[in-house]
Amino acid sequence: MASWSAPTFSLVEYFESQTLFQCGYCKNVACSVSNGMWAHSLTVQDYQDLIDRGWRRSGKYLYKPVMNKTCCPQYTIRCRPLQFQPSKSHKKVLKKMLKFLAKGEISKGSCEDEPMDSTMEDAVAGDFALINKLDIKCDLKTLSSDLKGGIESEEKKKENSLKKEGPKELIHPQAIEEKLGSGEPSHSIKVHIGPKPGKGADLSKPPCRKAKEMRKERKRLKLMQQNSAGAFEGFQAQGQPASLLPKAKSNQPKSLEDLIFESLPENASHKLEVRVVRSSPPSPQFKATFQESYQVYKRYQMVIHKDPPDKPTVSQFTRFLVDSPLEAEYPANGPECGYGSFHQQYWLDGKIIAVGVIDILPYCVSSVYLYYDPDYSFLSLGVYSALREIAFTKQLHERTSQLSYYYMGFYIHSCPKMRYKGQYRPSDLLCPETYVWVPIEQCLPSLDNSKYCRFNQDPQAVDEGRSKDLNRLRVLHRRSTMPYAVYKNYQEDPSEEEGVLEYANLVGQKCAERMLLFRNSPPAP
């Protein structure tokens, strides 16, 4: 088991102004409002705490909607996989996939599919435009040097206590591959095909029986369950062959895993394999499949989002879905694959047909984006991948007990197209004022009346994680790390404190004390 640990510091640069840009949901101009910062590096614990305060990442850019000002308030939503039960529509999607894999059957009808955060890039496009125009005074080389010089002494203190190993490649352990449907069929599956309309009764089913006979049958089953041995002898005494005895049926509904990993016949028409590869830093497996993965993304953007051919470039794809500020971490008590950023690739008959971009964090799997080959839209891959990611979260939970949530990005109630995330129950929404989780059922009546809502019903409740002591905020300045109380001696402009205070309130006290806020003020005279 690897005991290698990533550097223990995050480095961010906060943009001290709220950004107005075109909304990716309602499409109105200059009505979407957010705060933003650039993360040069980010520990998984810091990002976990940030998304629990309403932040999300797109590439290395972190943004937090200003909920009471933005046109389409975006509420952080999480599902509880340990209690999750698939709905009828979810089961329909899973059965559709099984039929396709087993017999090549393609279900007719429209595809009511919506991938996770399909419009997230549009929603933050204005922020990227802003970033490109900003004259960021610090370049990465200088920052890297400053960071190295500033924390070198702190790192040396920990070198003796930490055994460092090179980051291992993410290869699913065999047990996970088997449970997560690597595509190797191990058992047969019976796909029942019912009679066509107008073709008469289904001869594969027993004939209809009278209600009286069915009541007697239920009574016999109950007796068998109470005293199986006695009931068995009683039936035999009446001359009932043992092979014809009614079998007790379980009332337990099929679990998500039962539905996803139902075995396929040996002569299945198709083979589906799911591979999880680390995207940052890129593993050899990720590098080897980069071009194929990018081509799927390009087709997806052009067909589904109507992008012109020159828009989904390699650099845009890399910046949006490959680059990540998250440091790879492999704690002894963490999942086998470690924490960080990954691509979950769906291989059908040896080619990539879909990719789910995910972050694995201390308490959750966070869905970032999904793209797929438009030729396979009939498989409802947005829904299917979400269900696979929920099952993946449950699998990770078996080894890492605190990892028990599936974050689906933002729930936008004011945009009907984005309400589908609320169908993954049980789920919770994050209160935008007190940052506590509230079951979505309690939030929906309020959202029906108002786009912006405080979900915490306690009027006395406050944000417990708010910034309480600005002086303890950590700053990186001129190759040195220091508390804000010291940095104030270098400030030329007293109004700078306004922006620092805003940053501290948005990220919360814990992150303010752990993360390094880059400041480039000139030294005091």
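The values are calculated or read from the model by the stated rules, or taken from the named source; none is laboratory data. Given the structure is predicted, the values throughout are model-derived calculations rather than measurements. So basically every Cβ, Gly included, is an ideal-geometry build from the backbone, and we count neighbours across all protein chains shown. Only protein heavy atoms, including side chains, enter the accessible area calculation; ligands, DNA and RNA are left aside. Shrake-Rupley method; radii C 1.70, N 1.55, O 1.52, S 1.80 Å.
Observations, loosely collected:
- Of all accessible heavy-atom area on the stretch 1-70, the percent that carbon and sulfur account for (1.4 Å): 49
- Protein accessible area in the stretch 308-418, 1.4 Å probe - carbon and sulfur %: 51
- Pairs with C-alpha atoms separated by more than 18 Å, drawn from the list K27/K417; K92/K254; K60/K306; K394/K417, are K60/K306; K394/K417.
- Per residue, the stretch 383-509 exposes 44 Å² of solvent-accessible protein surface, assessed with a 1.4 angstrom probe and all protein chains in place.
- Among 500-509, 327-336, 365-374, the order from most to least packed when residues are scored by Cβ within 10 Å on average: 365-374, 500-509, 327-336
- Highest mean packing first, where packing is the average number of other Cβ atoms within 10 Å per residue, the peptides 303-312, 47-56, 27-36 line up as 47-56, 27-36, 303-312.
- Loop sites in the stretch 425-476: GluC sites (Glu not before Pro), DSSP, at most 12 other Cβ within 10 Å: E464
- With all protein chains in place and ligands, DNA and RNA left out, the 1.4 Å accessible area ranks C511, C26 as C26, C511, largest first.
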